[in-house]
Amino acid sequence: MKAGLFALLASLALAAPALAEEISIEGARMSRDFTCEDGQDVVISGAENQVSLAGRCGVVKVLGSNHGLSFEAADELVVSGISIKAEGKQVGSLVVEVAKNKVRTAVKPSAESAKVDVSGADHEVELTLAGPARIEMQGAKNVLRWRAEPGVKPPSVSTSGVENRISRD
């Protein structure tokens, strides 16, 4: 009985997919290049780090101030801090919060509709929509410019705050 149970547990352990450990960059003024394994999460925190991500990442969180990020693809990008610049080829969803961040990317939903959430103040966001999207903007003096790939309908938009601008390029 014990041998059978041991064999079952061993086979389950071998069959379970190994999850890649999160990539974590903490500190100040570092320059690093990483390759995400399929869906690997990334956290960048501190100040003034320059990070380049190759491959398809899972959730990428950029926290702190004055970071520079370039990336190929992320399931979700969260930019939370001050004066962060992020540029990439594609995200599944996007959150931009706090102040003075600049983000440029394409948004391609992995489900029915991609969600873009911008809050805080003085952000500049440029998006290319590659599928259905829902844009929510709160705060003050945020600017979001978007364009759509051929055949993609305009996004649904919800705004509140002061002097926010959403425009189609």
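The values are calculated or read from the model by the stated rules, or taken from the named source; none is laboratory data. Keep in mind that what you see is a predicted model, and the values were worked out from it rather than measured. Cβ atoms come from the backbone with ideal geometry, glycine included; neighbour counts cover every protein chain shown. Please note that ligands, DNA and RNA were not included when accessible areas were found on the heavy atoms of the full protein model with its side chains. Shrake-Rupley method; radii C 1.70, N 1.55, O 1.52, S 1.80 Å.
Overview of results
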{"read-out": "Candidate residues 145, 134, 165, 29: accessible-area rank, largest first, probe 1.4 Å", "value": "29, 165, 134, 145"}
{"read-out": "Order of exposure, largest accessible area first, which applies to 163, 136 with probe 1.4 Å", "value": "163, 136"}
{"read-out": "Accessible area expressed per residue, the chain, with surrounding protein chains retained (probe 1.4 Å, Å²)", "value": "56"}
{"read-out": "The range 47-100, dipole about Cα centre (Lys/Arg Cβ +1, Asp/Glu Cβ -1), debye to the nearest 20", "value": "60"}
{"read-out": "C-alpha long axis of helix 2-15 to longest principal axis of the chain, angle in °", "value": "30"}
{"read-out": "By accessible area with a 1.4 Å probe, ligands and nucleic acids excluded, highest first: order of 34, 71", "value": "34, 71"}
{"read-out": "Residue 100 accessible area, assembled protein chains, probe 1.4 Å, Å²", "value": "120"}
{"read-out": "Residue-level accessible surface for residue 42, protein heavy atoms, 1.4 Å, Å²", "value": "0"}
{"read-out": "Area accessible to solvent at residue 32, 1.4 Å probe radius, in Å²", "value": "110"}
{"read-out": "Percent carbon-and-sulfur accessible area, the chain, ignoring ligands, DNA and RNA, probe 1.4 Å", "value": "52"}
{"read-out": "Difference of contour (0.36 nm per residue) and Cα-Cα distance, residue 26 to residue 163", "value": "45.9 nm"}
{"read-out": "3J(HN,Hα) from dihedral phi, the range 84-96, Karplus parametrisation 6.51/-1.76/1.60, rounded to Hz, x for glycine, proline", "value": "9, 10, 10, 9, x, 6, 6, 10, x, 8, 9, 10, 10"}
